[in-house]
Ligand code: HEC
Ligand code: HEC
């Protein structure tokens, strides 16, 4: 009987301690609310705020800094992009319709091949085709207001006069954007080229060097490992590569069916 009481008491003590620990010792995990599209009230926006919006899109949703950064050398730095426009427009290789800095910058974003900065063209095209995606389409999908904000930001950063005017209302186009879900990509190759995996990886015709070579990834990695590497790049780092380099939001950018298509494609590269 005495032993029984001892055991019972001890068990209660352990349970009590555990409950206390579970309540106070373990930090509670609150699921973060899903990100909502930022609603922009253009009517009340000052130019300074518009420039901040441009910078946010440039570094965030626009994914510009994935390629335009000082690390990779995969794309020209844009600090002076606005300032070199005059020279671009006079260049014999220029094929676009822009007439001034503002229209050149917009054109660079939605028709990147109108002028390809020497040495930065897609491999084997003699600088005729740009590896940069149309940022108004695909998974980046910037709308007109967002492109205007980025253009203003590039002008400001380039030290030229900001000629972009804050659009009067984004009402209609923003509403349309929300309704119009993007069409799924048709193939893994489309995903890779539109999303720009090749900016960092050797894959397909791209020769990115910031991440591991993916041309034979299926020979050394399972589909499960590849899926995990895309969804949670920091979970298991490839040897010799830095963490926090590969974007960690492909899981939210891609539809589930697209992710599977991509994984299946990569797993077959042997
Ligand atoms: C997948 C990589 C990639 C992404 C993402 C990307 N770019 Fe580019 N961009 C390039 C490359 C490569 C070039 C050089 C070839 C060319 O001129 O098209 C370029 C050229 C440009 C130019 C012309 C520069 C000049 O000196 O004439 C501008 C402007 C530009 N990008 C802006 C942007 C902005 C703004 C974004 C984000 C909204 C962006 N890019 C996203 C790769 C990228
Ligand atoms: C900004 C550069 C960058 C971009 C863009 C990028 N990656 Fe990566 N990726 C990396 C780096 C760096 C690593 C190695 C570190 C790590 O494991 O996170 C990596 C690792 C990987 C691995 C694991 C490789 C291995 O040997 O285990 C896979 C698979 C992969 N990336 C696929 C992709 C795909 C698919 C895309 C496009 C949807 C993509 N990456 C876009 C930089 C990038």
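The values are calculated or read from the model by the stated rules, or taken from the named source; none is laboratory data. Because the structure is a prediction, the values reported are computed rather than measured. With ideal geometry, Cβ positions are generated from the backbone for all residues, glycine too; neighbour counts draw on all protein chains shown.
Looking at 214, 259, 231, 237, which one is more than 15 Å from ligand 1 (Cβ to nearest atom) and in contact with a strand residue (DSSP E or B) (Cβ under 8 Å, 6 or more places away or on another chain)? First the steps, then the outcome.
Working: 259 fails: in contact with a strand residue (DSSP E or B) (Cβ under 8 Å, 6 or more places away or on another chain); 231 fails: in contact with a strand residue (DSSP E or B) (Cβ under 8 Å, 6 or more places away or on another chain); 237 fails: in contact with a strand residue (DSSP E or B) (Cβ under 8 Å, 6 or more places away or on another chain).
The unique qualifying residue is 214.
So, in segment 122-131, how many residues would count as being surrounded by 15 or more Cβ atoms within 10 Å (Cβ to Cβ) and in contact with a helix residue (DSSP H, G or I) (Cβ under 8 Å, 6 or more places away or on another chain)? Spell out the reasoning first.
First, pick out the residues of segment 122-131 that are surrounded by 15 or more Cβ atoms within 10 Å (Cβ to Cβ): 122, 127, 130-131.
This time we only want the ones that are in contact with a helix residue (DSSP H, G or I) (Cβ under 8 Å, 6 or more places away or on another chain), so: 130-131.
Looking only at that region, the number is 2.
Selection within segment 191-211: residues that are without any contact (Cβ under 8 Å) to a residue 24 or more places away in the chain and under 16 Å from the mean Cα position of the chain (by Cα). The member of this set that is nearest to ligand 1 (Cβ to nearest atom) is 197.
Residue-level check: of (1) near ligand 1 (Cβ under 9 Å from one of its atoms); (2) out of contact with any helix residue (DSSP H, G or I) (no Cβ under 6 Å at 6 or more places or on another chain), residue 89 misses just (1). Comparison of 101, 140, 147, 110 shows that the only residue that is within 16 Å of ligand 2 (Cβ to nearest atom) and either buried (at least 16 other Cβ atoms within 10 Å of the Cβ) or within 19 Å of the chain's Cα centre (by Cα) (or both) is 140. Right, residue 78: in the same structural domain as residue 148 (by TED's automatic domain parsing), surrounded by 15 or more Cβ atoms within 10 Å (Cβ to Cβ) and closer than 28 Å to residue 209 by Cβ or not? Spelling it out, residue 78 is indeed in the same structural domain as residue 148 (by TED's automatic domain parsing), surrounded by 15 or more Cβ atoms within 10 Å (Cβ to Cβ) and closer than 28 Å to residue 209 by Cβ. Can you say whether residue 134 is part of a loop (DSSP other than H, G, I, E, B), modelled with pLDDT under 85 and surrounded by fewer than 18 Cβ atoms within 10 Å (Cβ to Cβ), as far as the supplied structure shows? No, not satisfied.
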